[in-house]
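Here's the structure, in structure tokens; my notes come after.
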Amino acid sequence: MEAVVQQELGANRQLWVKVLRSKPRIASCSEAKLRQRAKALVVEFGKEEACRMVDATTQLLAINTVVWRRALAMWQQCGVADPRAVAHSSPCLLGYDWLHASRLANLRALQQWLPWEVSAAQAIERYAGYVASVAAERLAGRLLYLEQLGLLPLLVADKLAARQEWRLQRGLSVSKRAAGEPVFITVRDVAISEAAKFDSLVDSALSQQQQDDDGLSSSSSSSSSSSPSFEVFRKGRLLQLPAWKQLLAQAAADVVELERKLPPELRRVPAEAKGGGGGCAE
């Protein structure tokens, strides 16, 4: 088995040890299957790059080649000009089932609720890690939560650039914090912030927004305290919102439509369609 990895990928023994430690079940894989997986990666990406990708994401030798081939095909269907570039940047993304409704819901949510125009391809190129690894109730749900609170205009691609632009528009020093600055929020904040941190960010944004509206700091506290936390929103109102129900229905339809366009050999078997379609969360 070690010889297969060395022969096909040009890898040293350290890589094989790394693969075994992170994915012990690969030891039960047949030599023929392991060779086929390694060869497929080399054919697609070249030996040197395939070796680097396996070193970064050992899972690539533990999953069927159809999984990562499907990911590349899906990205291409979504308009990504160079799917391999996405894979080179984050090999881990190849380990996810991109036909999963949760991921397609996240993809639609980014296109629908980000204040700047984002295509499906751009969302994959910029935010694929969040789309793949974050549950829809968290990423898409938080975006809808911000929309309900009127905070979507505060979503920005780059906080530093947004702050500098805001200061510049008011003739202020771009390097110094100014009174009344908006509390900007990034996709990263939405996707990976822990509950307490995210709620604190939202409260600060609401407070600043209220001060901008009426200049009364006293009213800002009541406004913030009257807004439910995201967790309360998620367990209650979110599931009842027509926009949420529509998003899930659209994502389910996307799964069917995108799978229909795939070559037969890349379509999911029934067991996959019923499963969670996991992946690595690196």
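The values are calculated or read from the model by the stated rules, or taken from the named source; none is laboratory data. Everything quoted here is computed from the prediction, not taken from an experiment. Note: ideal-geometry Cβ built from the backbone for every residue, glycine included; neighbour counts use all protein chains shown.
Going by what's in this entry, would residue 133 be described as out of contact with any helix residue (DSSP H, G or I) (no Cβ under 8 Å at 6 or more places or on another chain), modelled with pLDDT of 95 or more, under 22 Å from residue 231 (Cβ atoms) and surrounded by 16 or more Cβ atoms within 10 Å (Cβ to Cβ)?
Yes, satisfied.
Regarding region 157-166, can at least one residue be identified that is out of contact with any helix residue (DSSP H, G or I) (no Cβ under 9 Å at 6 or more places or on another chain), of a type outside the set (A, V, I, L, M), part of a helix (DSSP H, G or I) and surrounded by 17 or more Cβ atoms within 10 Å (Cβ to Cβ)?
Yes.
Out of all the residues in region 46-64, which are in a helix (DSSP H, G or I) and either within 20 Å of the chain's Cα centre (by Cα) or crowded, with 20+ Cβ neighbours inside 10 Å (or both)?
If the condition is that a residue be in a helix (DSSP H, G or I) and either within 20 Å of the chain's Cα centre (by Cα) or crowded, with 20+ Cβ neighbours inside 10 Å (or both), then 50, 51, 53, 54, 56, 58, 59, 60, 61 are the ones that fit.
Looking at this structure, is residue 84 among the charged types (D, E, K, R), assigned to a helix (DSSP H, G or I), more than 11 Å from the chain's Cα centre (by Cα) and closer than 19 Å to residue 44 by Cβ?
Yes; evaluated as a whole, the condition is true for this residue.
Could you tell me which residue of region 114-135 is farthest from the chain's Cα centre (by Cα), considering only residues that are within 16 Å of residue 198 (Cβ to Cβ) and touching a residue at least 40 places away in the same chain (Cβ under 8 Å)?
134
Being under 15 Å from residue 241 (Cα atoms), modelled with pLDDT of 95 or more and under 20 Å from the mean Cα position of the chain (by Cα) narrows it down to one residue among 139, 155, 146; which is it?
That would be 146, the only listed residue that is under 15 Å from residue 241 (Cα atoms), modelled with pLDDT of 95 or more and under 20 Å from the mean Cα position of the chain (by Cα).
Note down all Cβ pairs under 7 Å where the first residue falls in region 165-193 and is without any contact (Cβ under 8 Å) to a residue 60 or more places away in the chain, the second is surrounded by 11 or more Cβ atoms within 10 Å (Cβ to Cβ) and acidic (Asp, Glu), and they're at least six residues apart or on different chains.
Sorted first by the residue in region 165-193, then by its partner, the pairs are 166/181; 180/212.
So that you can scan it fast, the table gives a plain yes or no per residue for (1) of a type in the set (Phe, Trp, Tyr); (2) modelled with pLDDT under 90; (3) not in a helix (DSSP H, G or I):
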| position | (1), (2), (3) |
| --- | --- |
| 219 | no, yes, no |
| 239 | no, no, no |
| 245 | no, no, no |
| 251 | no, no, no |
| 255 | no, no, no |
| 258 | no, no, no |
| 272 | no, yes, no |
| 280 | no, yes, yes |
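Does at least one position in region 206-215 carry a residue that is under 26 Å from residue 128 (Cα atoms), crowded, with 19+ Cβ neighbours inside 10 Å and modelled with pLDDT of 85 or more?
No.
When residues of region 14-45 are filtered for being exposed (fewer than 11 other Cβ atoms within 10 Å of the Cβ), at pLDDT below 85 and either within 22 Å of residue 88 (Cα to Cα) or charged (D, E, K, R) (or both), how many remain?
3
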